[in-house]
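A short write-up of the structure that comes next.
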Amino acid sequence: MVPSFAGCHVLEIGCGEGRVTRKYARDAARVIAIDTDAEGISELRRELPFVDARVVGLHDLELPPHSVDIVVFAWSL
Amino acid sequence: MVDALRRARGRLRRTGFLIDLHPTSAIAAVVVGHTIAGPLQTGSAPTRHQEATDAIASVVRERFFTQDDEMEFEFSTYADTLEELQEHILEDRRESRIGDDTMVRAQALLLNAPGVRPRVRETVSASRLLPRGH
């Protein structure tokens, strides 16, 4: 279903503490992971400091249009 | 949910894709080894999961995306003890919990299964969607 995250710019929406993010983040070129739960984002930042983890909802996310290769919703739709 | 999918499409490159994973509306179970101790109490979660499935179908029907791939698989969340499993579920999921009857049955099963870790087993739907009409 997902050939590879290698070299990809990924946006994960509703990442929580990163239980799925940690499966692919080291392969991706860049990961932006967002969630409105500050506690989860804080935990994710501790474990994966290279991930651009933000406490924000999709509606308020500042990100250029058509700028990511993969969008992930994992248990978050 | 449909709005979130549409917004996500606006972030995707023409060559990109969207991956969605969400449990199906099938009832999740508390399992010890290969034996089902009982259903997980999930409140309105199955309704939300069905809404997610419907949202995917809607954005495909409305030609925001093409469904490129779809599959279902079993997904298990393990813990070292039943108490840890209950704690994780209470923290991680809205409304869900292991009910008292299932807790008792799972404890009895664990007594006869040393070293076995209890788990919650659910069926997860995975979809890969390609953006259309950029």
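The values are calculated or read from the model by the stated rules, or taken from the named source; none is laboratory data. Please read all numbers here as calculations on a predicted model, not as lab measurements. Here the Cβ positions follow ideal geometry from the backbone for every residue, glycine too, while neighbour counts run over all protein chains shown. Protein only, heavy atoms only, side chains kept; ligands, DNA and RNA dropped before computing areas. Shrake-Rupley method; radii C 1.70, N 1.55, O 1.52, S 1.80 Å.
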Next item on the list: Mind telling me which of the residues B:LEU18, B:LEU5 ends up being part of a helix (DSSP H, G or I) and surrounded by 14 or more Cβ atoms within 10 Å (Cβ to Cβ)?
Entry: B:LEU5
Check: Regarding A:ALA74, is this residue surrounded by 13 or more Cβ atoms within 10 Å (Cβ to Cβ) and either touching a residue at least 60 places away in the same chain (Cβ under 8 Å) or within 19 Å of B:PRO131 (Cβ to Cβ) (or both)?
Finding: yes
Notebook entry, point to check: So is A:VAL55 of a type outside the set (D, E, K, R), more than 10 Å from chain B (Cβ to nearest Cβ) and buried (at least 21 other Cβ atoms within 10 Å of the Cβ) or not?
Noted result: no
Notebook entry, point to check: When A:ALA33 is evaluated against the numbered criteria (1) open to solvent by 20 Å² or more (accessible area, probe 1.4 Å); (2) more than 8 Å from chain B (Cβ to nearest Cβ), which criterion, by number, is the only one it fails?
Noted result: (1)
Notebook entry, point to check: Any idea how many residues of segment B:34-80 are aromatic (Phe, Trp, Tyr) and more than 13 Å from the chain's Cα centre (by Cα)?
Noted result: 3
Notebook entry, point to check: Looking at A:ALA38, A:ALA6, which one is under 18 Å from B:ARG94 (Cα atoms), open to solvent by 50 Å² or more (accessible area, probe 1.4 Å) and more than 13 Å from chain B (Cβ to nearest Cβ)?
Noted result: A:ALA38
